[in-house]
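No lab work stands behind these numbers, since they all come straight from the coordinates. Note that this is a predicted model, so its numbers are computed, not measured. Cβ placement follows ideal geometry from the backbone for every residue including glycine, while neighbour counts extend to all protein chains displayed.
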Amino acid sequence: MTSGHALLLAAASTGTTATFAVVVATLRDGRHRHTPGHGPRRSPPSDTPARVGHVASWATLALVAAATGHLAVQLALADFSVRYVWAHTATYEPVLRRISALLAGQEGSFLVWSLAAAGAATWAAARWRRTAAAHRSDAAIVHVVASGVTLGVLALTIAAAPFQSFAAAFPDAEGGTPPLEGRGLNPVLANLWMPPHTLLTFTAYALIGLAFAVAVLELLRAAQGRADTVQPWRQVCVRIARWSWVALSASLFTGLVWAYQEMSFGWFWSWDPVEATTLVVWLVLTAALHARRAPGDGRRRSVHAPLLTALTFATVVLTSFITRSGLHPSVHAFASGETGRELGLALAVVTLGLAVLGAAAARHVAATPPHRPWLFWAVWLLLGGAGLITWGLVYPIASVEVFGRATELDTGFFTLWGYLIAVGLLLLLGFGLQRAQRPRREATVTAVGFLGLTVVAAFVTPVESFELIGAERRATVGAMEGLLGHASLLTLLPPAVYALIAIAERWWVEGRRGGRRHHRSEAGSALAHLGAVLAIVGVTFATVLSTTVTVHVDPGTQHGVGDGVAVHIDDVQRSEHTDALGRVIEQRETVTVEVHTASGLAASGQTTLSTYPERDGGRHPQVLVDRSILDDTQVIYHGVAEQSAAGVPVTVRRIPLISLAWTGSLLMVIGMGLVITGRRPPALSEDTQDSLRTGRLLGATPGGTG
């Protein structure tokens, strides 16, 4: 047994101990409070189980952190006696790149997820320790569920064996001694955007796991007919869910930028199974946050909102299952492993448990009509998008069982239906914001007018490229998709303008009310919604109107590629890099490229193609990206190995309005940050205010339910 493996086993033991100690301490505290002659005790528990649970929670976090640090040190030192280090690093790589390999494989990513989850469970333990006696059982439930999530991820980490020795992994290796050189980091992962993208992803997953724990508490109390007793925890859940939304949105943004720079991913968004399931997580989480904003009590507040929050964690498990099960071919295949069965079982348990708990909770809460139904229309549209994506991922697997062959859905399926849902969301956004500021009749007339403009715009196609699906691709899709594919890209403009007008009106009216925190919150809400509009418009136009041409160019010459575009490349410069054993590990071809259009120079700079003989001759082109406000130009050099009589192949891709997508994504993240720091709670009853005063011991700064 290695020292790292021992640290993980010790962490699992202390995590289990902390969970049982919290349960025992809570039960003892409950018996003490109900003993005749004893009033409610408000001081923190002082008995031995409480102290053990508190210390054991911190010990779990410390042990997982020690294990993570231990593996990071082994990576930095290039200790090839560890299989994971050998598989993902090499001596010729910089130290920081070696350390970043902690995030490169399944074993290391599970370890980082365990660390983030242990931090969330420790927070729950600290809140339980500081909670007043009247609410300690609620805090204990949150801690137990959060600890269960941590122990589950720890179990996956131990099963993945990040500290397995090279000798144990390859018992037939000659001499039984560690190799002198490693395989090196996958070139696709040697990108500056990889570490922040991965760290943000697992931070979001840990926060979603914590929100899941609070949502389970809400559902349990609703099933017991005591939904109103957990109001303080609702405030906590909202804040956690918002922060997880910020982290997940930032993760998606950094992932998009990373994929935009890597030819291996094909495109900044290619509907890869892992990308698609991550979007499902984001859509369900966004739906849960909007469900929290529904005014009034009843099933929609007490059941639907926590159920959607908890369901978000189920989609996280689904994403991990898709990533590591091997059921779908994916550019994320480098993270595949042997834990698909365990994750599939966890997904089934979580989904079934939520179904039972949600049904039990719904029986005890009366349904009341929503005061602002458009919020729930938006929720259902978001869930509809998540459902369509999930169907697109499940259909190929189901087709094998039903038809005996895998039938993949074309990316046009996702693009087309996603476009229709985006149009619906923009119309709802405009109507919902205007309905809150205008009389019903006036808001309805305006909405009908913009809906009519949207329908008219669907038939306005200035050029064939403005059709959602081109004629060639329409022949390969179903009849319904083919019919809708005739719709014009301009369909998006009336809803986008409608939403922008409504956002401006809302900010102009609400932004001048209240104090500084209210101003900050309204500004954040406006920025988040503005960012969503810009991101939808930017992604749609970039996807539909982008053009790609591959031409063959002789070095030192120009070659026209049509539409007034010309490409020029200089002579090829070659170089090699060797490892400690003298093996050639990288062969580089570097050229200087210029792309000219009728309006002048569109792109210029150096681009490199790397070939890795020790990695089965794998090739990794470095994408040259020349950015501007209106469009970007990408240039990919394919190397002399692909040279023909016509010359060296060079791919030129023009991408219009992609800057709107980047700007919109940043505005959404910044806007939600302002909302988190600025929102104040609505007026509450005296009973609820008393609960909130007690809830401050939970560490909850009362924030709005929206």
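The H on the amide N of residue 559, modeled in the peptide plane, is under 5 Å from the matching H of 567, each at least 5 residues off or on a different chain. Note on residue 466 and residue 391: the model spin-label points, each 7 Å out from Cα along the C-beta direction, lie 3.0 nm apart.
If the segment from residue 643 to residue 55 were pulled out straight at 0.36 nm per residue, it would be longer than the present Cα-Cα gap by 205.2 nm. Across segment 566-649, counting alpha-carbon atoms alone, Rg and Dmax equal 14.9, 51 Å. Would you please classify the overall shape of segment 97-196 from the alpha carbon gyration tensor, given that a ≥ b ≥ c denote the square roots of the eigenvalues, rounded means a/c under 1.5, and beyond that prolate means a/b larger than b/c while oblate covers the rest? Judged from the Cα gyration tensor, segment 97-196 comes out prolate (a/c at least 1.5, a/b above b/c). Inter-label distance, residue 584 to residue 601: 3.3 nm, where each label sits 7 Å from its Cα along the C-beta direction. What the Cβ-Cβ distance of residue 573 and residue 677 gives, at R0 = 45 Å and to the nearest 0.05, is a FRET efficiency of 0.30. Site pair residue 62 and residue 349 shows an inter-label distance of 2.9 nm when each label is modelled 7 Å from Cα along Cα→Cβ. Rounded to whole numbers, the Karplus 3J(HN,Hα) couplings from phi for segment 537-554 are 5, x, 5, 5, 5, 5, 6, 7, 9, 5, 10, 10, 9, 10, 10, 10, 10, 7 Hz, using 6.51 cos²θ - 1.76 cosθ + 1.60 with θ = phi - 60°, and x at Gly and Pro.
Working from Cα pairs under 8 Å separated by at least six residues, relative contact order for segment 95-147 is 30 percent. Rounded to the nearest whole Hz, the Karplus-based 3J(HN,Hα) values (6.51 cos²θ - 1.76 cosθ + 1.60, θ = phi - 60°) of segment 179-191 follow the sequence x, 7, 9, x, 7, x, 6, 3, x, 4, 8, 7, 10, with x at glycine and proline. Using the average count of surrounding beta-carbon atoms within 10 Å as a protection proxy, the listed peptides 599-608, 541-550, 200-209, 571-580 rank, highest first, as 200-209, 541-550, 599-608, 571-580. Give me the net charge for the shell around residue 556: Cβ to Cβ below 11 angstrom, other residues only, Lys and Arg +1, Asp and Glu -1. Cβ neighbours under 11 Å give a net charge of -3.
Cβ-Cβ distance of residue 360 and residue 126, R₀ of 45 Å, FRET efficiency by 1/(1 + (r/R0)^6): the value works out to about 0.90. For a label point 7 Å from the Cα of residue 170 along Cα→C-beta, name the residues of segment 183-209 whose backbone N is under 13 Å from it. Under 13 Å, as judged by backbone N against the label point of residue 170, lie 183-184 of segment 183-209.
The packing ranking, built from the mean of other Cβ atoms within 10 Å per residue, places the peptides 455-466, 346-357, 139-150 in the order 139-150, 346-357, 455-466, highest first. The phi-based Karplus calculation (6.51 cos²θ - 1.76 cosθ + 1.60; θ = phi - 60°) puts the 3J(HN,Hα) values of segment 308-321 at 5, 4, 5, 5, 4, 5, 4, 5, 5, 4, 4, 4, 5, 5 Hz, whole numbers, x for Gly and Pro.
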